[in-house]
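K.L.:
First the structure, which I've put down as structure tokens, then a few questions once you've had a look.
Every read-out reported here was derived from the displayed coordinates using simple, explicitly stated rules and does not represent laboratory data. Note that the structure is predicted; figures quoted are calculated from it, not measured.
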Amino acid sequence: MKLIGSGMSPYARRIRLFLDGKDYEFINLNIYTPEGREALATYTPAMKIPVLIDDGQKIYDSRAIHRYLARKHEEKSISWDQENLLTLIDAANDSFVILLMAARSNIDTDADALIINLQKERIERTMPLLEKAMAEGQFSSWDYPSICLFCLLDWVHFRELCDLSLYPKLSAFRVAQSTKTVIEESNPRNG
Ligand SMILES: N[C@@H](CCC(=O)N[C@@H](CS)C(=O)NCC(=O)O)C(=O)O
């Protein structure tokens, strides 16, 4: 089994953490270099990571990869409420990625522009709900939604995209998980 990703990607990291203890090869690409893009194109026309390859079957998108792996390893599927939490995590994560890419494209992320405002609005609506879900104990076990939330929080902290002190419960959760060995092995700060 091969996982195509990048050491920097929160979406690839969630699958790495989900695959903890399983035997697989991690292909670490820099998807923003010409060589990295050429390699990425051999795996997926969507030009996004992660991609999983298992027994000749390619799977695109972390959500589909999670479903594939859960079925393969006969794990119990996640509930609809957990699916909704994942959708909120993905929505916030995608918006943070768009804001980072905008800044890297020299687009003013303080501008009053539709594309920027839509991302900020989504972040402002989803982060407090994740904080509330944390307070209600919805992330009390280290399952796939908790893994995805951790990867989002640690990535926005690393990229300095969000002031996590606004969300004390989410912030404490990030710090508490950081001691796990598998987390350190996939730390984006180490590349
Ligand atoms: N919905 C996708 C999102 C994956 C994603 O956005 N990955 C980023 C890296 S963190 C990417 O490949 N970006 C490349 C691009 O958007 O051109 C998933 O869950 O796998």
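K.L.:
Distance check, please: which entries in Lys2/Lys76; Lys22/Lys180; Lys76/Lys132; Lys132/Lys169; Lys76/Lys169 exceed 20 angstrom between their Cα atoms?
P.N.:
Values: Lys2/Lys76 23 Å; Lys22/Lys180 16 Å; Lys76/Lys132 25 Å; Lys132/Lys169 8 Å; Lys76/Lys169 27 Å.
Pairs exceeding 20 Å: Lys2/Lys76; Lys76/Lys132; Lys76/Lys169.
K.L.:
Further question on the same structure: Per residue, how much space in cubic angstrom lies within the convex hull of the C-alpha atoms of the chain? Please report the intermediate quantities before stating the final value.
P.N.:
On the way: hull volume 24.3 nm³, N = 191.
It is 127 Å³ per residue.
K.L.:
Another question about this same structure. Debye calculation, C-alpha points only, no solvent: report log10 I(q)/I(0) for the range 103-152 at q = 0.13, 0.21, 0.32 Å⁻¹, in the same order as the q values.
P.N.:
Rounded to two decimals, the profile gives -0.46, -0.79, -1.17.
K.L.:
If amide hydrogens are placed 1.01 Å from N in the peptide plane, which non-local residues have theirs closer than 5 Å to the one on Phe26?
P.N.:
Amide H neighbours of Phe26, under 5 Å, 5+ apart: Leu3.
K.L.:
Okay, moving on. Tell me, what ³J(HN,Hα) does each residue in the range 145-153 have, in order and in whole Hz, if you take phi through Karplus 6.51 cos²θ - 1.76 cosθ + 1.60 with θ = phi - 60° and put x for Gly and Pro?
P.N.:
Values, residue by residue: x, 5, 4, 5, 5, 4, 5, 4, 5 Hz.
K.L.:
Tell me, what ³J(HN,Hα) does each residue in the range 127-137 have, in order and in whole Hz, if you take phi through Karplus 6.51 cos²θ - 1.76 cosθ + 1.60 with θ = phi - 60° and put x for Gly and Pro?
P.N.:
Computed from phi, the couplings for the range 127-137 are 4, x, 5, 5, 4, 5, 4, 5, 4, 7, x Hz.
K.L.:
Using Cα positions and a limit of under 18 Å, work out the aspartates and glutamates in reach of Lys120, with same-chain residues fewer than 8 apart set aside.
P.N.:
By straight Cα distance, Lys120 reaches Asp90, Asp94, Asp108, Asp110, Asp112, Glu131, Glu160, Asp163.
K.L.:
Then there's this: Give me a comma-separated list of calculated 3J(HN,Hα) values for the range 28-43, in order, Karplus coefficients 6.51, -1.76, 1.60 applied at θ = phi - 60°, integers in Hz, x for any Gly or Pro.
P.N.:
9, 9, 9, 6, 9, 9, x, 5, x, 5, 5, 5, 4, 4, 6, 9
K.L.:
Which far-off residues, 5 or more places away or on another chain, put their amide H under 5 Å from the one on Ser6, with H placed in the peptide plane?
P.N.:
Under 5 Å from the amide H of Ser6 lie the amide H atoms of Ala12, Leu29, each far enough along the sequence or on another chain.
K.L.:
Across 5 Å bins from 0, what is the distribution of all Cα-Cα pair distances for the range 1-44, in whole percents?
P.N.:
Taking all Cα pairs of the range 1-44, the binned fractions are 6, 23, 31, 22, 13, 5, 1 percent.
K.L.:
Given the -39500 (n - 2.57) contribution per DSSP H run of 4+ residues, what per-residue ellipticity at 222 nm results for the chain, rounded to the nearest 500 deg cm²/dmol?
P.N.:
After summing the helix terms and dividing by the residues of the chain, the value is -18000 deg cm²/dmol.
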